[in-house]
Each structure stands twice: as C-alpha cells, then as structure tokens.
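J.: Just passing along the structure, written as structure tokens.
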Amino acid sequence: MFQDIPERIAKRMQYLERLDAEHRKHGDMAHFDRLRQVPPATGKLLALLAAGAPAGMFLELGTSGGYSTLWLSLAARAAGRKIVTFEKSETKIRLARETLKAAEVESIVEIVAGDALDHLARYHEVAFCFLDVEKSVYLSCYETLVPNMVPGGLVVADNVISHRDDCAAMLKRALTDTRVDALIVPVGSGLLVARKI
C-alpha cells in the first residue's frame, strides 16, 4: 500500500501538506476554513487500520481538504470498497472535490455535503469510521455509530490528546463501553481507537 502509492495521490498529498503548513504558519484564514488536517503518520495509521477492517462500509466524518480521505482511499482501493465522507464547509468541499479529481479517486469516494449527524443514522454495516469533526459532537457521533458497526469494526477519533478536555465525555463513554475494546494511541494529536466486539 505505501510502497506503491500512485503518483497522482502522492502529489496531491504533498500539495495539501504544503497548504496546511502555510495555514498553520500564517493563521490568516477564518477558523472554520483552516484545513487542520492530520499529519502523515496519522494518515498512514488510518490506512493500516482501515486495510484490516472487516467487510462493511468506510465512513469519514470531516473531509476537510481530503488529505485523510486520500490515505483511506489506499485501503479502500486495496479492499475493493468505497468511502462516504461528510463535510459542512463549502470551501472545504470545493477543495476536497479538487483533491479527489486530481488524485483520480472520485470513483471510490462520495462526498456528502452537510452535517454528518443529519445523515449518520442511515448508514449501517460500518466497518471503519474516521471521526474528525467538531469535538462538541463527538459523543453524539460515537453513540450513533457504534450500534451500526459490524463486529470487529473500528471507529477512530482524532485529537483526543490535544483536545482531551473537549473530548472528555466521549472518551469516558468509549473507554468504559462494554460494546467495544478501546484505547488511546499517542500518534499525531492522539487517536481513540475503538473496536466493536
């Protein structure tokens, strides 16, 4: 998967990494339009986890510019699956569509415009979900997701160390939830990895 990343995907990843670095350096964009994407190490871990997920749907809550989507697309392509990703920001949706086109992964990724919580309950047989939206809705997303996951399915939530206070309610629930096995992984900004029993 990592040894043969298609050139078009690698180039788009590099472009988004440079764009994200500029946003972080200058901080001149509106708060909600900053990319705030995962670092490469987190992207690789997401791809590895998704590649080992059981049969079922791949979801991503929070597309941003499509950087993590590209990492997940590597796993989805290898497994013959598709990804449904949700994003509210029109600016980010435009950038993500450009990303999918440039990387030539439009055939395996569907972007849903709008709040993930408005749509999430309709998705069943979820094998993998990456959760990277506003922390205030993490718990609601988690509670909606878990009943709709297949046994062995994974939900991975970002920023649980960097924003531990904001994620406290979801972390408390997940780490004591008898429906899953869960732990916090200190990669990037911190990931909660929960596996449906």
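Coordinate-derived values only; no laboratory data. Remember, predicted model here, so these are calculated numbers, not experimental data. Neighbour counts run over all protein chains shown; Cβ positions are idealised from the backbone, glycine included.
J.: Going 7 Å from the Cα of GLU110 toward and past its Cβ, which residues in the stretch 126-155 have a backbone nitrogen under 14 Å from where you end up?
T.: In the stretch 126-155, the label zone of GLU110 (backbone N under 14 Å from the point 7 Å along Cα→Cβ) covers 126.
J.: If you don't mind, there's one more thing I want to ask. So what are the ³J(HN,Hα) numbers for the stretch 135-150, from phi and the Karplus equation (6.51, -1.76, 1.60; θ = phi - 60°), rounded to whole Hz, Gly and Pro as x?
T.: So the Karplus estimates, Gly and Pro as x, are 5, 5, 10, 4, 5, 4, 4, 4, 5, 6, 6, 3, x, 9, 8, 7 Hz.
J.: Amide H of CYS129 versus every other amide H placed in the peptide plane: which residues, excluding those fewer than 5 positions away on the same chain, fall under 5 Å?
T.: Placed amide hydrogens put LEU59, LEU154, VAL155, VAL156 under 5 Å from CYS129.
J.: Further question on the same structure: Excluding TYR142 itself, calculate the net charge of residues whose Cβ lies under 10 Å from the Cβ of TYR142, where each Lys or Arg counts +1 and each Asp or Glu counts -1. If you can, show how the numbers build up before the last one.
T.: Values: positive: ARG173; negative: GLU143, ASP177.
So the surrounding residues net to -1.
J.: Right, next: What is the stretch 7-196's relative contact order, in percent, from Cα pairs under 8 angstrom and six or more apart in sequence?
T.: Values: 347 pairs, mean separation 37.4, N = 190.
Result for the stretch 7-196 is 20 percent.
J.: Need the C-alpha centroid separation for the stretch 41-71 versus the stretch 132-197, integer Å.
T.: That distance is 15 Å.
J.: Follow-up question, since we're still on this one. Binning every alpha carbon pair distance of the chain at 5 Å from zero, what are the percents per bin?
T.: 1, 8, 18, 21, 23, 16, 9, 3, 0
J.: If Lys and Arg each add +1 and Asp and Glu each add -1, what is the summed charge of the other residues whose beta carbon sits under 13 Å from the beta carbon of LEU59?
T.: Details: positive: ARG81, LYS82, ARG122; negative: GLU60, GLU87, GLU110, GLU125, ASP132.
Neighbour charge sum, excluding LEU59 itself: -2.
J.: Turning to a different aspect of this structure: What net charge is computed for the residues neighbouring ALA75, neighbours being all others with C-beta under 15 Å from the C-beta of ALA75, Lys and Arg scored +1, Asp and Glu -1? Walk me through the numbers before you get to the answer.
T.: Numbers: positive: LYS44, ARG77, ARG81, LYS82; negative: ASP4, GLU60.
After counting each charged neighbour, the total is +2.
J.: Which lysines have a Cα less than 29 Å from the Cα of LYS196, not counting those fewer than 8 places away in the same chain?
T.: LYS44, LYS82, LYS88, LYS135, LYS172
J.: Here's a follow-up. How big is the antiparallel share of DSSP beta bridges in the chain, given as a percent to the nearest 5? The partial results should precede the final answer.
T.: On the way: 11 of 30 bridges.
Counting only bridges with both partners in the chain, antiparallel ones make up about 35 percent.
J.: In terms of modelled amide H atoms, which long-range or inter-chain residues lie less than 5 Å from the amide H of ILE83?
T.: VAL109, GLU110
J.: Add -39500 (n - 2.57) for each DSSP H run of 4 or more in the chain, then divide by its residues: what number comes out at 222 nm, to the nearest 500 deg cm²/dmol?
T.: Working: 6 runs with 76 residues, N = 197.
Helices in the chain give a 222 nm mean residue ellipticity of -12000 deg cm²/dmol.
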